[in-house]
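Single-structure report; data block below.
The values are calculated or read from the model by the stated rules, or taken from the named source; none is laboratory data. What you are looking at is a predicted structure, and each value in this text was computed from that prediction instead of being measured. Virtual Cβ from ideal backbone geometry, glycine too; neighbours counted across all protein chains shown.
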Amino acid sequence: MSAGHLSRQFRLAYGESPYSYLMTRRIERAMALLRRGDLSVTEVCFAVGCSSLGTFSTRFTELVGMPPSAYRQRAASATAGMPSCVAKQVTRPIRIREATVLNRS
């Protein structure tokens with residue numbers, strides 16, 4: 001299967017490109033690491049597989065609505081005492097198109 005065909009089939013199945021899907025999963029993992037609070041934003045960036053702090057911060061801000069450093073400060077107190085499985089579900093990023101659909105319901 002060619003790369004182009006794989007990408008088209010992936011988009012049909014998941015509604016987004018493979019790259020976008022991968023970055024969303026990386027941001028979700030980064031959110032969990034930032035909630036722990038023991039790693040810097042740079043360490044989290046590299047831990048989730050991103051090679052550019054700028055790209056990581058930009059994508060994080062697009063998906064989450066705030067920069068990683070601000071998220072780290074707010075999330076630590078907001079999820080204190082919450083089981084990690086619940087915190088992951090509650091803090092999962094919502095894409096703009098998903099938020100539009102949810103607001104119409």
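Between a first residue in the range 62-90 that is more than 21 Å from M23 (Cα to Cα) and among the hydroxyl-bearing types (S, T, Y) and a second residue that is modelled with pLDDT under 90 and part of a helix (DSSP H, G or I), which pairs have beta carbons less than 7 Å apart while being 6 or more apart in sequence or on different chains? Pairs that qualify, where the first residue is more than 21 Å from M23 (Cα to Cα) and among the hydroxyl-bearing types (S, T, Y) and the partner is modelled with pLDDT under 90 and part of a helix (DSSP H, G or I), are T79/R35; T79/A87.
Summed over the range 1-53, the residues that are closer than 22 Å to V86 by Cα and acidic (D, E) give a count of 2.
Among the helices (runs of 4 or more DSSP H) confined to the chain, the ones with at least 1 residues that are over 16 Å from the mean Cα position of the chain (by Cα) and modelled with pLDDT of 90 or more are located at 3-14.
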